[in-house]
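Taken together, the values in this text are just the output of simple stated rules run on the coordinates, not laboratory data. Given the structure is predicted, the values throughout are model-derived calculations rather than measurements. Cβ sites come from the backbone with ideal geometry, for glycine too, and all protein chains shown count toward neighbours.
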Amino acid sequence: MTKNFLVDTAVLLGRSLSHITRSLDTILTTVITPIAMMLMFVYVFGGAIQTGSDSYVNYLLPGILLITVASGISYTAFRLFLDMKSGIFERFQSMPIARSSVLWAHVLTSLVANLISLVVVVLVALLMGFRSGAGVSAWLAVVGILILFTLALTWLAVIPGLTAKSVDGASAFSYPLIFLPFLSSAFVPTDTMPGPVRAFAENQPVTSIVNALRALYTEQPVGTDIWIALAWCVGILVVAYVFATITYRRKIS
Amino acid sequence: MTTQSVIHVQGLEKSYKTLKVLRGVDFDVARGSIFALLGSNGAGKTTVVKILSTLLKADAGTAGVNGFDVATQAANVRESISLTGQFAAVDEILSGWENLVLVARLRHLKGPGKIADDLLARFSLTEAGARRVSTYSGGMRRRLDIAMSLVGNPPVIFLDEPTTGLDPEGRLEVWQAVRELAGKGTTVLLTTQYLDEAEQLADRIAILHEGRIIVNGTLAELKQMLPPAKLEYVEKQPTLEDVFLALVGAAGKEQR
């Protein structure tokens, strides 16, 4: 059965990857909002924001990357929803295949699509003056955290993808996730925020993830942020995975 | 009869919350025959098909397909069947050929490309094979859908309302495909709300009403249950369908 699982997942992954390569607009619409935000914050607001770092684009990038993932995963929910609606999901489930491979193919597709989007956003940031002298190991750590974050949000996206009644319902859940970075250290340091807002900002997952990413590519000590960031990512991943799997079992039995 | 039957359903019950959809359904389908499950919307036809294709669990009763129990031997049942659901379950973004290859790969068959080519030819889709399915007409989509169900030659095929939403030509195409299937020894369980469809295709017809099979027999047997035939002389007017097909068929030929 494990051999089937790998073969079936690979076949279905090929299928949903061709959905992405044949409709590149999904990548385009994923990256357009983060890039527009990056342009606006760097060239309009950035001059007035005191971050204590020389280059605002360097300060801003981690938050923008998280927004990219948050907007990218709404397509994961959307694609899953379409499969559920169109009946192709039922066809797969009535075939002699490893049943969980249907879900895993979507999850891996989400990972690939988001990594492409992240690369596009980083390239734009480089054009806008983003620079880093960090070494390979620091960058591997950055990529690792982003992959973990993407997987966590992808499994979260699986739940509305399986349960939504309409297309809007399937993708609307990502809006709050896109705005979460605004209430964090992603755009401005948290010290200037009033008490309760600051307390929320400093204790929500985005701040620790943003701080860890920023510290890694600016060659600063990562401190405890990286462990808090990893704990958040793994925690969300595990909880989302469990709930998504329960939802899936209910759907197919 | 039971030794020959490839689908065996007994005392099947299913409720959605408080709504009792199936209240004890029994029927048998003989190998190589076309069996039509007839019923109005909401009669529970799709529920029966979903239970038989292991997508749904019954609350009570037993169902067997090709000698395997749908509840305890689901994997074996899935090896034996193909489901063509109410909506054409095709991938819009892939081409027709790629859809068939996808199913062949998922069934772990050798030479998926060859299988896809053969099925495209059999369903007159060779020319459209390389095109994206989103460009197909309703009839072409349905034919591809049925072709996808034939990959790997499963002995039993479920067709859930295969002609709903099709134009008259598309309907005739699907009917032709179903007849060919049964001709090759495949057992077909077909649900429909169109009486003429059951009349045209089925060896046996069962009527599902209020959660039970109220009648089950051949067309001739069913006709005997009705008041005896009256002899009337009526001028045979062409139906609108005859007119439509004559006109469209003629125009189609001229263009070719």
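Averaged over A:94-102, how many beta carbons belonging to a partner chain fall within 10 Å of each residue's beta carbon?
Taking the mean over all residues of the peptide, I get 6.
Could you rank the peptides B:104-110, A:41-47, B:148-154 by their average count of other C-beta atoms within 10 Å per residue, with the highest value first?
Those peptides, ordered most packed to least, come out B:148-154, B:104-110, A:41-47.
Would you calculate the separation in nanometres between label points at A:N4 and A:F179, each defined as 7 Å from the Cα along the Cα-to-beta-carbon direction?
Those two pseudo-labels are separated by 4.6 nm.
When you look at the Cβ of every residue in B:141-151, what mean number of other chain Cβ atoms sits within 10 Å? Don't jump to the answer; show the numbers that get you there.
Numbers: counts 0, 0, 0, 0, 3, 0, 0, 3, 3, 0, 1.
Per-residue shielding by partner chains comes out at 1.
So what's the Cα pair-distance distribution over chain A, bin width 10 Å, in %?
7, 30, 34, 19, 8, 1, 0
Taking every alpha carbon pair in region A:12-61, what does the distance histogram look like in 10 angstrom bins from 0, in percent?
Percent of Cα pairs in each bin: 23, 32, 20, 17, 8.
Could you give the length gained on full extension between B:Q4 and B:Q193, defined as 0.36 nm per residue of separation minus the Cα-Cα distance, in nm?
Fully extending the segment from B:Q4 to B:Q193 adds 65.3 nm.
Once you have the Kirkwood Rh of the protein assembly as shown from its Cα pairs, apply Stokes-Einstein at 37 °C and 0.692 mPa s and quote D in µm²/s. Intermediate results must be reported in sequence, preceding the final value.
Working: Rh = 26.1 Å.
Roughly 126 µm²/s, to the nearest whole number.
Looking only at other chains, what is the average number of their beta-carbon atoms within 10 angstrom of each beta-carbon in B:89-102?
Across the residues of B:89-102, the mean count of other-chain Cβ atoms within 10 Å is 4.
When you have a sec, figure out the Kirkwood radius of region B:5-255 from all distinct Cα pair distances and drop it here in Å to one decimal?
With all distinct Cα pairs of region B:5-255 included, I get 19.4 Å.
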